[in-house]
Amino acid sequence: MTAWYAGLLAGSLLLSGAFIYLGLENYLQRNLRTNLQEQAVSVADEVLEHANTETQSKIPSLLKQRFASQLNGRFIRLLAADGTVIYISAIPADGSFDPATVPISQNRSKQPYSDDEHLPDYRRVLIAGVPIVTAQGKPLFVEVGALYKPIEGVLQGLLLNIALLMPLMIVVAVVGGYLVMRSALRPVDEITMLAERISSRNLGERLPVIKTGDELERLSTSLNRMIARLESAFQHINRFSADVSHELRTPLTILRGELEAAGRGRRLDADLLEIIGSALEEIERLVRISDQLLAISRLDAGEARIDRAVVDLGELAVSTAEQMQLLAEEKPIEMRYRISKLVRVEGDPSRLKQVVVNLLDNAVKYTAPGGWVQVTVEAEGSNAILDIADNGVGIPTEALPHIFERFYRADKARSRDSGGTGLGLSIVHAICTAHGGKITVFSAEGQGTRFHVELPLFYDDSAFNKTEKRHLKLAGNIIERRQPSITG
Ligand SMILES: Nc1ncnc2c1ncn2[C@@H]1O[C@H](COP(=O)(O)OP(=O)(O)OP(=O)(O)O)[C@@H](O)[C@H]1O
Ligand SMILES: [Mg+2]
């Protein structure tokens, strides 16, 4: 906008500059011509007056006597009908030109006339002429002329002023315009920044409404209304999936019970038993999925009850990993640990354990035999970090933004073989968010994956004894605040 503004300003300044220049030139020329004409008329009156009474030969000396003192930068010329010069004034007082070198006007006519001629050195001369007829019936032409140069001088001065002033005005206007524009758009910037921060996780937040009564206020109110509509749509979706999974549980439980009874009750042949067995397995899977969906929906909607206890994240990670050791040994995959002591968070132990289980399960599942999985727990600033890295298959870049979505699996074929439903990471994400933390993923296809969980560090000064405090210092853990809140 500033560029447009500068362009328009430069254009209109140029246009008005041209108008002023041409207008002034026109005015000065007209003025000079009228002036010359008036002087020519008064010279003609003088000539007529004396041509009647005196002899013609006296006229030159008379004109010289009468007008010489008025001729500054001008000349007077008296021409006979055939163009012969009867009288021509001497070089004017300022010595600017020699009147004798002014060519004879070609435009002489029976009416007062004006003419432009050029001196041998190309300087322009404006001439005004008046035709007269003496009492003896002799036609004569009285001419008064002046150099065009003074007008040129004024115009050049104007041009110089325009050339100097215009860039200055443009610079001042552009800088001023830019500053005004920036301050006018600052609220838009603020709204943009805040709008960027609003995601499906914090749809309850609203943008500040700037009471300006103009487009900005309308923009922020209508954005807020849009966020409110989004919020209700999201709540609707959440409620819907929570209701669906809840409603599915009862029929599934009944189905499972009936199938189990059918399998137990009568003597059935082996084929039928096998079918019942696999149907039961599928039902188990359905129950698991609907339980997981219900859990995610409740966590997302903030309805889930989260038990609060102080959990040592390092101990939790190690004990969980040890329980899953067998899974890794089967493949085999090497488990590595880097666990800092006393990294504590406040939260629901069983749900936090679920985070470790799901992430470790993925790491082992998506890493080829012979690979490694590394579990790191440490404190960083006011955060507890749980970092689970592997050197497995990795996640394609285009899949990365989606992996926390429900039912999303990067490689459908591969995941179906391994029995995944694509809900594991959605649960992890929902649990982290519900605990005021966030999860980030780094991955390169074919090289490995790293899930980085940040949770607010629990810090209770009274709970630390001296040794623990020293230990904290040694570990380089700088704890700044009690219970900081980070939204992810
Ligand atoms: N450590 C990892 N290495 C490579 N790919 C991964 C890793 N973790 C997750 N993924 C990819 O992200 C997808 C989603 O993971 P998620 O845990 O949600 O589902 P899943 O493991 O397929 O099934 P579920 O965990 O529900 O049994 C996976 O299908 C897989 O493609
Ligand atoms: Mg998984």
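The values are calculated or read from the model by the stated rules, or taken from the named source; none is laboratory data. Since the model is a prediction, treat every value here as computed from it, not as a measurement. Positions of Cβ are generated from backbone atoms using ideal geometry, with glycine treated the same way; all protein chains shown enter the neighbour counts. Note: areas computed on protein heavy atoms with side chains; ligands, DNA, RNA excluded. Shrake-Rupley method; radii C 1.70, N 1.55, O 1.52, S 1.80 Å.
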Can you find, within region 423-438, the residue that is nearest to LEU313 (Cα to Cα) among those that are within 13 Å of ligand 2 (Cβ to nearest atom) and touching a residue at least 60 places away in the same chain (Cβ under 8 Å)? VAL428
Say whether the condition of being surrounded by 15 or more Cβ atoms within 10 Å (Cβ to Cβ), more than 43 Å from the chain's Cα centre (by Cα) and on the phi < 0 side of the Ramachandran plot is met by at least one residue in region 190-202. no
If I filter region 246-253 for residues that are at pLDDT below 90 and within 30 Å of GLY204 (Cα to Cα), do I get at least one hit? yes
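Please tell me if GLU405 is part of a loop (DSSP other than H, G, I, E, B), charged (D, E, K, R), under 23 Å from LEU293 (Cα atoms) and more than 8 Å from ligand 1 (Cβ to nearest atom). Reasoning before the result, please.
Working: part of a loop (DSSP other than H, G, I, E, B): yes; charged (D, E, K, R): yes; under 23 Å from LEU293 (Cα atoms): yes; more than 8 Å from ligand 1 (Cβ to nearest atom): yes.
Yes.
Pick from region 418-441 the residues that are within 11 Å of ligand 1 (Cβ to nearest atom) and of a type in the set (Val, Ile, Thr): which of them is modelled with the lowest pLDDT? Can you show your working first?
So the first thing to find is which residues in region 418-441 are within 11 Å of ligand 1 (Cβ to nearest atom), and the list is 418-429, 441.
Filter again for of a type in the set (Val, Ile, Thr), leaving 421, 427-428, 441.
Details: THR421: 85, ILE427: 94, VAL428: 95, VAL441: 96.
Residue satisfying both the conditions and the ranking: THR421.
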Tell me, yes or no, whether region 359-371 has at least one residue that is more than 16 Å from ligand 2 (Cβ to nearest atom), under 13 Å from LEU386 (Cα atoms) and open to solvent by 60 Å² or more (accessible area, probe 1.4 Å). no
Odd one out for LEU165 among (1) under 30 Å from PHE67 (Cα atoms); (2) open to solvent by 40 Å² or more (accessible area, probe 1.4 Å): (1)
Test ALA389 against the criterion of being at pLDDT 90 or above and not in a helix (DSSP H, G or I), and give yes or no. yes
PRO369 being more than 16 Å from ligand 1 (Cβ to nearest atom), over 45 Å from the mean Cα position of the chain (by Cα) and assigned by TED's automatic domain parsing to the domain that holds SER443: no
Of all residues in region 372-386 being of a type outside the set (A, V, I, L, M, F, W, C) and part of a strand (DSSP E or B), which is nearest to ligand 2 (Cβ to nearest atom)? GLN374
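Would you confirm whether or not region 110-131 contains a residue that is open to solvent by less than 40 Å² (accessible area, probe 1.4 Å) and among the aromatic types (Phe, Trp, Tyr)? Don't jump to the end; show me each part of the working.
Going residue by residue through region 110-131, those that are open to solvent by less than 40 Å² (accessible area, probe 1.4 Å) are 113, 115, 117, 119, 125-131.
Checking which are among the aromatic types (Phe, Trp, Tyr) leaves us with 113.
Looking for residues that are open to solvent by less than 40 Å² (accessible area, probe 1.4 Å) and among the aromatic types (Phe, Trp, Tyr), one finds at least one in region 110-131, hence yes.
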Residue count, region 349-358 (criterion: buried (at least 19 other Cβ atoms within 10 Å of the Cβ) and away from ligand 1 (no atom under 16 Å from the Cβ)): 1
Tell me, please, whether a residue that is under 19 Å from SER42 (Cβ atoms), of a type in the set (Asp, Glu) and touching a Gly at 6+ places or on another chain (Cβ under 7 Å) can be found in region 127-143. yes
May I ask you to verify whether GLN65 is out of contact with any Pro (no Cβ under 6 Å at 6 or more places or on another chain), in contact (Cβ under 8 Å) with a residue 60 or more places away in the chain and in a helix (DSSP H, G or I)? no
Condition first: acidic (Asp, Glu) and surrounded by 15 or more Cβ atoms within 10 Å (Cβ to Cβ). Now tell me which residues in region 231-277 satisfy that. GLU231
Note on GLU398: of the conditions (1) in a loop (DSSP other than H, G, I, E, B); (2) crowded, with 20+ Cβ neighbours inside 10 Å, unmet is (2)
From the options GLY157, GLY137, residue that is open to solvent by less than 60 Å² (accessible area, probe 1.4 Å), at positive phi and not in a strand (DSSP E or B): GLY137
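Restricting region 292-331 to residues that are within 16 Å of ligand 2 (Cβ to nearest atom) and part of a helix (DSSP H, G or I), which is surrounded by the fewest Cβ atoms within 10 Å (Cβ to Cβ)?
Taking region 292-331 first, the residues within 16 Å of ligand 2 (Cβ to nearest atom) are 292-293, 295-296, 320-321, 324, 327-328, 331.
Those still in the list that are part of a helix (DSSP H, G or I) too: 292-293, 295-296, 320-321, 327-328.
On the way: GLN292: 19, LEU293: 22, ALA295: 20, ILE296: 23, THR320: 19, ALA321: 21, LEU327: 15, ALA328: 19.
Among residues in region 292-331 that are within 16 Å of ligand 2 (Cβ to nearest atom) and part of a helix (DSSP H, G or I), the one surrounded by the fewest Cβ atoms within 10 Å (Cβ to Cβ) is LEU327.
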Report whether or not LEU79 is in contact (Cβ under 8 Å) with a residue 24 or more places away in the chain and in a helix (DSSP H, G or I). no
Where a residue in region 189-213 is in the same structural domain as ALA228 (by TED's automatic domain parsing) and its partner, wherever it lies, is open to solvent by 50 Å² or more (accessible area, probe 1.4 Å), with Cβ under 6 Å and at least six apart: none
Scan of region 203-214 for residues that are closer than 23 Å to ASN238 by Cα and open to solvent by less than 60 Å² (accessible area, probe 1.4 Å), ordered by number: LEU203, GLY204
